[in-house]
2 protein chains.
Amino acid sequence: MKTIKNLKDKLLEEEIRKSVEEAWPLFIDFLKEKKARVTQARKIVLTQVFSRHDHFCADDLAAALATGPNHVSRGTVYRTLALMEEAGFVRVIRDTDVHAHYEHTYKHPHHEHMVCDACGDFIEFEDPKIIQHIEQACRDEAFIPRTHRLVVFGKCSKCSKAQKPA
Amino acid sequence: MKTIKNLKDKLLEEEIRKSVEEAWPLFIDFLKEKKARVTQARKIVLTQVFSRHDHFCADDLAAALATGPNHVSRGTVYRTLALMEEAGFVRVIRDTDVHAHYEHTYKHPHHEHMVCDACGDFIEFEDPKIIQHIEQACRDEAFIPRTHRLVVFGKCSKCSKAQKPA
DNA sequence: ATTACTGCAAAGCATTTGCAAATGC
DNA sequence: GCATTTGCAAATGCTTTGCAGTAAT
């Protein structure tokens, strides 16, 4: 069972090996530029990231590395993931802001949000066309939508004006 | 300073009073239907919700009610907020799933997500038109986008098939 | 009189952090 | 050799929960 691997697994392994082989040098470049160190732990985390399916959560990954020969501590996993995000190798799906925000719904139809990175302000906007496209996408996937959430992160007009070009 | 209120404040107060006056009976209906009880604490939370600006977070609201004559405990605030969400008076902006999910970015362009309420599966989709509309909306608001996140919640084709009409 | 709701404080959970020891440069 | 990283465990911050007392039906 363990010695015999089917073709699919072999291909997957090959794929992973290739991604790591390509990404690791890029990560090294990133670290060097940042004057950060190229460490064993960082390579292990990067490898583990690429060994996982498309979507994973930090804690699962940390759990996988909690024991065994490639042991990396939880703290380091989180720290490295943050680095990898900065380097552009991973993307966080639910963004970092920990606490949930609420808004009134009473006489307040659905709309989308922009959140300013600098001041945290919420800007509301609406676009029926976006909703139409979402609905179409759901039809294409035979997905039955219940609701959706669209948030654009960036800089609001006030903050981008305040911070003049360096 | 305290006795003299300007016009804007007066109008705002009026607005709030009206919303509460309209929403409270609806919440009562909701509670009755659910065979839940109509309590003082629930009215206080509802009032507080409508007294706040469009966006607020649970904890701030709880803090506001932690002391004073309209004292409601943190636990009750969270419980009532959940009820109000169920009743459709408020909407949560960052959804409930606590832990952040990551995904590879390496050779994996930006795309949107559908998440199945039932099985938790992530479905990826892409729609350049949606992105165009987002960009247009940002231009309209003079908002400088850095990135965005679009998640559609609902039921995937597998799960909606599995659960035949009752 | 029942039974649900509330307050409180304690538990939970994902994530972050402080610090001594280890490692890369 | 010196500075950065790591591991560990403790701290954090938001949210949930258990339970005994309180209030609504």
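The values are calculated or read from the model by the stated rules, or taken from the named source; none is laboratory data. All values derive from a computational prediction rather than experimental measurement. Glycine gets a Cβ as well: all are built from the backbone with ideal geometry, and neighbour counts include every protein chain shown.
Observations, loosely collected:
- When the residues of the range B:133-157 are filtered to those that are among the polar types (S, T, N, Q) and closer than 21 Å to residue A:117 by Cα, the one that is farthest from the other protein chains (Cβ to nearest Cβ) is B:136.
- In the set (1) more than 13 Å from DNA strand D (Cβ to nearest atom); (2) over 30 Å from residue B:15 (Cα atoms), the condition left unmet by residue A:106 is number (2).
- Residues satisfying the stated conditions in the range B:109-140, i.e. outside any strand (DSSP E or B) and under 23 Å from the mean Cα position of the chain (by Cα): B:117, B:118, B:119, B:120, B:121, B:130, B:134, B:137, B:138
- Criterion (within 13 Å of DNA strand D (Cβ to nearest atom), surrounded by 11 or more Cβ atoms within 10 Å (Cβ to Cβ) and away from chain A (no Cβ under 12 Å)) met by exactly one of B:43, B:35: B:43
- Subset tally (residues that are small (Gly, Ala, Ser) and away from DNA strand C (no atom under 16 Å from the Cβ)) for the range B:96-153: 3
- Restricting B:29, B:60 to those that are away from DNA strand C (no atom under 13 Å from the Cβ), assigned to a helix (DSSP H, G or I) and in contact with a Lys or Arg (Cβ under 9 Å, 6 or more places away or on another chain) reduces the list to B:60.
- Number of positions in the range B:100-109 that are touching a helix residue (DSSP H, G or I) at 6+ places or on another chain (Cβ under 9 Å), surrounded by 13 or more Cβ atoms within 10 Å (Cβ to Cβ) and of a type outside the set (A, V, I, L, M): 5
- Counted residues, the range B:66-84 - those being surrounded by 12 or more Cβ atoms within 10 Å (Cβ to Cβ), under 19 Å from the mean Cα position of the chain (by Cα) and within 9 Å of DNA strand C (Cβ to nearest atom): 7
- Sole residue being among the acidic types (Asp, Glu), over 14 Å from residue B:87 (Cα atoms), more than 11 Å from DNA strand D (Cβ to nearest atom) and surrounded by 12 or more Cβ atoms within 10 Å (Cβ to Cβ), chosen from B:21, B:13: B:13
- Residue within the range A:126-141 that is at pLDDT below 90 and either of a type in the set (Asp, Glu) or farther than 18 Å from residue B:148 by Cα (or both) present: no
- Cβ-Cβ under 8 Å pairs, at least 6 apart or on other chains, the range A:71-86 side farther than 15 Å from residue A:30 by Cα, far side surrounded by 14 or more Cβ atoms within 10 Å (Cβ to Cβ) and hydroxyl-bearing (Ser, Thr, Tyr): A:72/A:80
- Test: residue B:92 is within 16 Å of DNA strand D (Cβ to nearest atom), under 20 Å from residue A:107 (Cα atoms), surrounded by 11 or more Cβ atoms within 10 Å (Cβ to Cβ) and at pLDDT below 95: yes
- The lone exception for residue A:114 - which of (1) in the same structural domain as residue A:28 (by TED's automatic domain parsing); (2) buried (at least 18 other Cβ atoms within 10 Å of the Cβ); (3) not β-branched (Val, Ile, Thr) it fails: (1)
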